[in-house]
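Only the coordinates and a few stated rules stand behind these numbers; no lab work does. On a predicted model such as this, the values are computed, not experimentally measured, just so you know. Cβ sites come from the backbone with ideal geometry, for glycine too, and all protein chains shown count toward neighbours.
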Amino acid sequence: MRSLLFVPADDEKKLAKSLSAGADALIVDLEDSVALAAKPRARQIAAEFLAAAAKSAEQPLLIVRVNPLAGDLTDLDLDAVMPARPDCVMLPKSLGGASVQQLSVKIAAREARNDLPDGATQIIALATESGEAIFGLSSYRKCSRRLAGLTWGGEDLSADLGAQANRLGDGAWAGPYALARNLTLFAAAAAEVAAIDTVFVNFRDAEGLRAEALAARRDGFTAKMAIHPTQVPIINEVFTPTDEDLAKAEAVIAAFAARPSAGVVAIDGEMVDLPHLKRAQRVLARATGASVSQSERGRG
């Protein structure tokens, strides 16, 4: 999974078009992009969309962003969409592993109620949307078998902090948000789940998006969220390993396969050790995932 495209749950035209956007995953959004008065209708539209999309042999991963756990909207969201079998639920305003566990209990009850396999529905947590949430990042490790990914956001966090802006004049993240980004990456690594970079809100700035996506891939993120279909091809390109990446990874793996007891091998005059092998294996895994996303994007 490389690209995750947000789509408002109350916009039937955008939902229909999103299936052909090329995104590896669609985030059907019941939270920020839907006004409170429109949420009941949005739930109905989302459920109908999920049910229809599930009949397609080739489709993106189907994710629903529900409303935060505080209040009764989460239960209403899950009651509406779980019968349509989403692949994943995105949890906004998560405060840590306990939030994921709370959502997991709600999902489990509805899986049982709708004759769905126990544990079939995964969770991705938005892990940095408040100052309080930053201090819960270490608690995601082993919190739930449903947890599939962690992502972060700077917009809600900046509102919570009372900041004037979350980016510097050159477009780089200001200090608090760069910290939130980096801590999310560490938390995802500790939890052994996907590290997903946040959205780039200026959808007309293709070069800015590319630069931010390249930096995210360089640092260890494996995917990035999008707010507009035009962003998807760039994100997919950046997070798909190149032929050169694959060749280097295959050379490292082959060298260690030839000397299975070695801790260090030499490739073209360079000493390569076990961390390089782990990195090479991850490159090949990402390439396999990208290939599946491109040609076999069915439910799995």
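Worth pointing out:
- Student exercise, the chain dipole from Lys, Arg, Asp, Glu Cβ charges, in Debye to nearest 20: 480
- Among Thr230, Thr151, Thr222, the order by Cβ neighbours within 10 angstrom, fewest to most, reads Thr230, Thr222, Thr151.
- Taking every DSSP beta bridge that has both ends in the chain, the antiparallel portion is near 15%.
- When shorter helices are ignored and each DSSP H run of at least 4 residues is given -39500 (n - 2.57), the per-residue value for the chain at 222 nm works out to -14000 deg cm²/dmol.
- Greater than 22 Å apart at Cα, pairs in Lys17/Lys224; Lys93/Lys224; Lys17/Lys106; Lys39/Lys142; Lys224/Lys248: Lys17/Lys106; Lys39/Lys142; Lys224/Lys248
- Amide H contacts for Phe203 (H built 1.01 Å from N in the peptide plane; partners 5 or more residues away or on another chain; cut-off under 5 Å): none found.
- Once exposed loop GluC sites (Glu not before Pro) are cut out (DSSP; at most 14 other Cβ, 10 Å), longest piece of the chain: 59-191
- Footprinting exposure proxy ranking of Lys39, Lys142, Lys13, fewest other C-beta atoms within 10 angstrom first, gives Lys13, Lys142, Lys39.
- The fewest-to-most ranking of Ser261, Ser56 by surrounding Cβ atoms within 10 Å reads Ser261, Ser56.
- Once C-alpha pairs closer than 8 Å and six or more residues apart are averaged by separation and normalised to the residue number of the chain, the relative contact order reads 18 percent.
- From the coordinates shown, Cα Rg over 2.2 N^0.38 Å corresponds to which of [x] 1.03; [y] 0.96; [z] 1.09: [x]
- Computed over region 124-191, the P(r) tail beyond 16 angstrom holds 43 percent of alpha carbon pairs.
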